[in-house]
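Below is one structure, written out as C-alpha cells; comments come after it.
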Amino acid sequence: MADNLLDGRLKLRHLVLATTVAEHGSVVTAAEHLHITQPVVTRGIRELEDLLGVRLFERTVRGMSPTEHGTAFLEHADAILGEVRRAGKHLSELSAGATGTVIVGTHLAGSNVLLPRAIARLKRAHPGITVIVQEGSPELLRTELLSGELDLTVGRLSSVEADRTVRRALYREPIRLVTRAGHPVTRSATPPPLTELLHYPWIVPIAQTTLRQELETALARHGLPLPADRIECTSILTMRSLLLETDVLAALPELVARGEDQLSLLGTELETTRTVGVTLADSTPPSPTARRLLSELDAVGSAIRAELA
C-alpha cells in the first residue's frame, strides 16, 4: 500500500471518479454523470487502486460496491472534495463582498420559526445573499453536510454524539399534543388525561425516528401503549391537513403549532423536550455568508428561548 499519497501521483480526478462510482453504483452511470467515457472511468479507478495497493470496488449483482478498504478511503475522499468545494466558495464570497450563497438543510424542528426568522433578518441586512433551503432526513442532511453540499443544518440535535461535526444548541422545545381548534377535547376546563385522549385517532412519527421513541417512552411512563387507531407520518403538510379536517391528535414540537389560530395546544403534559440548534462540519470554518446566517440564528434562538420560558 502506498505510504506517501503526496508525491504527485494522486489526483483530484481520482477522488471524483471513486466517489461518483460509489454514489451511482455503476461505472456506466458514473461515466454518464461525469460526461466522460466508460473506459476513462475504468482506467482511473484502476490507476487509483494500483496507487493505493488495494481493491476499492467489487462487482456484485447490484453493481459496483465498495470493499472494506474502499469504504474507508471514500470517507476521506468525500471530506477532501468537500474541503475543495468550500475553499472555492469561500474565495468567491470574499471577492463578492456582501453577496454569495448559503445552503442550509432542515428537517421539521426549527423549520417553521427559527430558520424563517433568521433568513428574514439576514435578507434585510444583506439582500445580495442568496439562501437555499433543502429539506431531507437527518441522515441525508448529515451526508450532504460532510460532503460540502450544505453549509450547515438546522433542526433537532440528537443526544448521540455525531463525529466530524460541530453542534451548537440554541433552545429546548417541548413536544406538545396538538388538535384542531374546536376539537371536543378542547372543551374541557382541565387538561384531559392521556387515557381519555387514546380514544381518538393519533398521528405519530414513523418507526425508527427519535420522536417516535420519545413518544413511546412518554406513554410508557403512564403505563400506556401507542394508540391502536393511528397514522404514521412525518410530512408536516399532510399532518396539518389531517389535523384541520379530522379529530386526530398529533405530537409535535411546540413551535410548529404555536401561533396557528386553527390549531390548539393541549395542556396534557408529555414531559419530553428536544434540543434545537445548528450543525456544521468540523473540518473547516464556515464561509462568510454562512457566518452571517449563523449570527442571525443565534439572535433568533435567543429570542425563542425567552418566548418558550
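Given the DSSP H assignment, sum -39500 (n - 2.57) over each helix run of at least 4 residues in the chain and divide by its residue total; what's the result at 222 nm in deg cm²/dmol, nearest 500?
Calculated mean residue ellipticity at 222 nm is -14000 deg cm²/dmol.
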Kindly rank 15-22, 245-252 from highest to lowest mean number of other beta carbons found within 10 Å of each residue.
15-22, 245-252
So for the stretch 64-196, using the alpha carbon gyration tensor with a ≥ b ≥ c as root eigenvalues (a/c under 1.5 gives rounded; past that, a/b versus b/c decides prolate or oblate), I'd call it oblate
Cα pair count fraction exceeding 19 Å, expressed as % - the stretch 240-309
54
Give a residue-ordered list of calculated ³J(HN,Hα) values for the stretch 31-45 (Karplus: 6.51 cos²θ - 1.76 cosθ + 1.60, θ = phi - 60°; whole Hz; x for Gly, Pro).
4, 5, 5, 8, 6, 10, 7, 4, x, 5, 5, 4, 5, x, 5
Part-to-part distance (alpha-carbon centres) for the stretch 22-87 and the stretch 187-215, which is given in Å
46
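Semi-axes, largest first, in whole Å: what does sqrt of 5 times each Cα gyration tensor eigenvalue give for the chain? Intermediate results must be reported in sequence, preceding the final value.
Values: eigenvalues 391, 125, 50 Å².
Equivalent ellipsoid semi-axes, largest first: 44, 25, 16 Å.
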What is the packing order of peptides 286-297, 216-227, taking the mean over residues of other C-beta atoms within 10 Å and listing the highest first?
286-297, 216-227
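Mean projection of the alpha-carbon convex hull of the stretch 172-274 over all orientations, in nm²?
That works out to 6.1 nm².
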Please state the shape class of the stretch 79-153: rounded when a/c is under 1.5, otherwise prolate if a/b exceeds b/c and oblate if not, all from the C-alpha gyration tensor.
oblate
Percent antiparallel among DSSP beta bridges confined to the stretch 177-290, rounded to 5, stands at 50
Residue separation between T101 and A189 times 0.36 nm, minus their alpha-carbon distance, gives in nm 26.6 nm
Net +/- balance of residues flanking V113 in space, Cβ distance below 15 Å, scoring K and R +1, D and E -1
+3
Compactness relative to 2.2 N^0.38 Å, alpha carbon Rg of the stretch 12-77
0.98
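Each reported figure results from applying straightforward, stated rules to the coordinates on display, with no laboratory input. From a predicted model like this one, the values you see are computed outputs, not experimental measurements. Don't worry about glycine lacking a Cβ; one is built from the backbone with ideal geometry, like all the others, and counts go over all protein chains shown.
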